[in-house]
Amino acid sequence: MGEFRETIKAIVNNVSSVVLDKTHVIKLALTSVLAGGHVLMEDVPGTAKTVLVKALAISTGCSFVRIQCTPDLLPSDICGVSVYNPKTLEFEFRPGPIFSQMIVADEINRATPRTQSALLEAMAEGQVSVDGKTYKLEQPFIVFATQNPVEHEGTFPLPEAQLDRFMMRLTLGYPNIVAESEMLERLRLAHPLDSLKP
């Protein structure tokens, strides 16, 4: 038990070295990861939502990908597609970005309901079905979906029945003035993510 506690502390400290002044949010996000739950992050742009998830992925040794949700995003753009190979005369499956362990679905409410459903199906089942074949997703598989709570023009709000796919709903907010100054100082030479290790 002591070793587990030390590992958790090390992960929180690692992420806190990149995302300043947000230890409570880091702990909640890590709790969701440990419980195998997905997270909906509602906040304005520029509050380090993607940086938080990327730092968590690096700290835990998981693969990371960011999907920018737009109205023209198709389910196949997320899940993958079967492509015909003329050399073998067969269809080959090309996996999409969903085949990662930690995913940021940026502005999920900008994707169409059909694309949202494809993503939410993967979240609920831990697998993807393409052309009648089922592909298991690597574990842990955690989706951090973001929404901008301010601007709703051209969005497709998630129905209440789909919101239950998320274990937590978090907001980061802006850091305090001391953390902002420290952030500017740290970013002068390189991004702190570049030196982060598992």
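Taking amide H atoms as placed 1.01 Å from N in the peptide plane, list the residues 5 or more away in sequence, or in a different chain, whose amide H sits under 5 Å from that of residue 112.
Distant-sequence amide H within range of residue 112: 73.
Using 1/(1 + (r/R0)^6) with R0 = 25 angstrom and r between the beta carbons of residue 87 and residue 194, what's the FRET efficiency to the nearest 0.05?
Once rounded, the FRET efficiency stands at 0.05.
On the accessible surface of segment 1-90, probed at 1.4 Å, how many percent belong to carbon and sulfur atoms? Provide the component values of the computation, followed by the final result.
Working: 2640 of 4480 Å².
Accessible surface attributable to carbon and sulfur in segment 1-90 totals 59 percent.
Looking at segment 46-132, which trypsin sites (Lys or Arg not before Pro) are in a loop (DSSP not H, G, I, E or B) and have at most 15 other Cβ atoms within 10 Å? Don't skip to the answer; put the middle values down first.
Working: sites: 49, 54, 66, 87, 110, 114; in loops: 87.
Here the sparse-neighbourhood loop sites are 87.
When only DSSP loop residues count, what GluC sites (Glu not before Pro) in segment 149-198 have their Cβ near at most 16 other Cβ atoms within 10 Å? Mind dumping the intermediate values first?
Numbers: sites: 151, 153, 160, 180, 182, 185; in loops: 151, 153.
The qualifying sites are 151, 153.
Would you pull out the residues with amide H under 5 Å of residue 142's amide H, same chain only if 5 or more places away, H placed 1.01 Å from N?
Hits under the 5 Å cutoff: 102, 103.
Can you classify segment 125-198 as rounded, prolate or oblate using the Cα gyration tensor, where a ≥ b ≥ c are the square roots of its eigenvalues, rounded means a/c under 1.5, and otherwise it's prolate if a/b beats b/c and oblate if not? Spell out each step's value before the answer.
Working: a/c = 2.87, a/b = 1.55, b/c = 1.86.
The shape class here is oblate.
In a GNM of the chain with a 10 Å cut-off on Cα contacts, which of 115, 31, 146 has the highest mean-square fluctuation?
31
Report the GluC sites (Glu not before Pro) located in segment 50-146 that are in a DSSP loop and have at most 16 other Cβ atoms inside 10 Å of their Cβ, or state none. If you can, show how the numbers build up before the last one.
Values: sites: 90, 92, 107, 121, 125, 138; in loops: 107, 138.
In loop regions of segment 50-146 (DSSP not H, G, I, E or B), the sparsely surrounded GluC sites (Glu not before Pro) are 138.
Taking the alpha-carbon centroid of each part, what is the distance from segment 137-180 to segment 2-62 in angstrom?
With segment 137-180 and segment 2-62 each reduced to a Cα centre, they are spaced 14 Å.
The values are calculated or read from the model by the stated rules, or taken from the named source; none is laboratory data. Worth saying up front: this structure is predicted, and the values here are computed from it rather than measured. Don't worry about glycine lacking a Cβ; one is built from the backbone with ideal geometry, like all the others, and counts go over all protein chains shown. Protein only, heavy atoms only, side chains kept; ligands, DNA and RNA dropped before computing areas. Shrake-Rupley method; radii C 1.70, N 1.55, O 1.52, S 1.80 Å.
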